[in-house]
Amino acid sequence: MALDTVNALVSLADAKAFLKISGATEDTVVENMINRASIFANDYTQRLLLSRVNTDYYDGDGTGTLILNQYPVTTLSNLYDDVDRAFGAGTAINVSMDVVVDNNTGVLRLFNQAVAFNNGISNVKVIYTAGYILANVPASIQEAVLLYVGYSYRSQYLSNRYGVTSEHVGDRSTTYSNDEIMNQIKNLLNPHRSERAFIHAV
């Protein structure tokens, strides 16, 4: 399986440097581990961390504020409010004139000619680009992904210790802690967790 460029939060080159791998014979193995680590980071933070175009639907609540599922926001392309959910041109809100977006938090506010969203179910449609470009992924997220890759590579792939917590060789006993490394990874990701609904982009 090739590197999942939609979700991969570190490059193959960075992961190989972290693992101190110089050759290309294990590229596929490392790419698969990057993919799994990046999906874990998405799932744990409840976000789509790498930049992409999202098409989301929200329930209008009669206010002029909308909290987008994904952030940071780089581009707000289209915004519609239609209780019939046809989302034709006549239901579009002028995003350049009537909307203010806090790009860092993904909070959208109506102003000027747009006052409030209509009450409804999935009547607000938003098309926007959000997430980090690879070069700007926060260091703590990349460190978490690399630690996950390193743990998978060294403890599972090289040593084949899937689920093993201890082993005995003669008089020597070694105990491994899966929890310790996972707690470290989660602590790095905790500041980036979202309490918002996790909705995949279309």
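The orientation-averaged projected area of the convex hull spanned by the Cα atoms of region 26-141 comes to 8.6 nm². Restricted to Cα atoms, the chain shows a radius of gyration and a Dmax of 21.7, 78 angstrom.
Cross-link partners for residue 186 among the aspartates and glutamates, with Cα-Cα distance under 15 Å and sequence neighbours closer than 8 places in the same chain left out: 43, 143. Solvent-accessible surface of the chain, averaged per residue with a 1.4 angstrom probe and all protein chains in place: 53 square angstrom. Computed packing ranks the peptides 137-148, 85-96 as 137-148, 85-96, most packed first, by mean other Cβ atoms within 10 Å. Among the DSSP helices (H) of the chain, those spanning at least 15 angstrom by Cα along their long axis with an average Kyte-Doolittle hydropathy of 0.0 or more are 139-151; this is a geometric and hydropathy rule only.
Carbon-plus-sulfur fraction of the accessible area of region 1-154, 1.4 Å probe, in percent?
On the way: 3810 of 7120 Å².
Summing carbon and sulfur atoms, their accessible area is 53 percent of the total for region 1-154.
The values are calculated or read from the model by the stated rules, or taken from the named source; none is laboratory data. Nothing here was measured: the structure is a model prediction, and the numbers come from that model. In this analysis, Cβ positions are derived from the backbone assuming ideal geometry, glycine residues included, and neighbour counts consider all displayed protein chains. Accessible surface areas use protein heavy atoms only, side chains included; no ligands, DNA or RNA. Shrake-Rupley method; radii C 1.70, N 1.55, O 1.52, S 1.80 Å.
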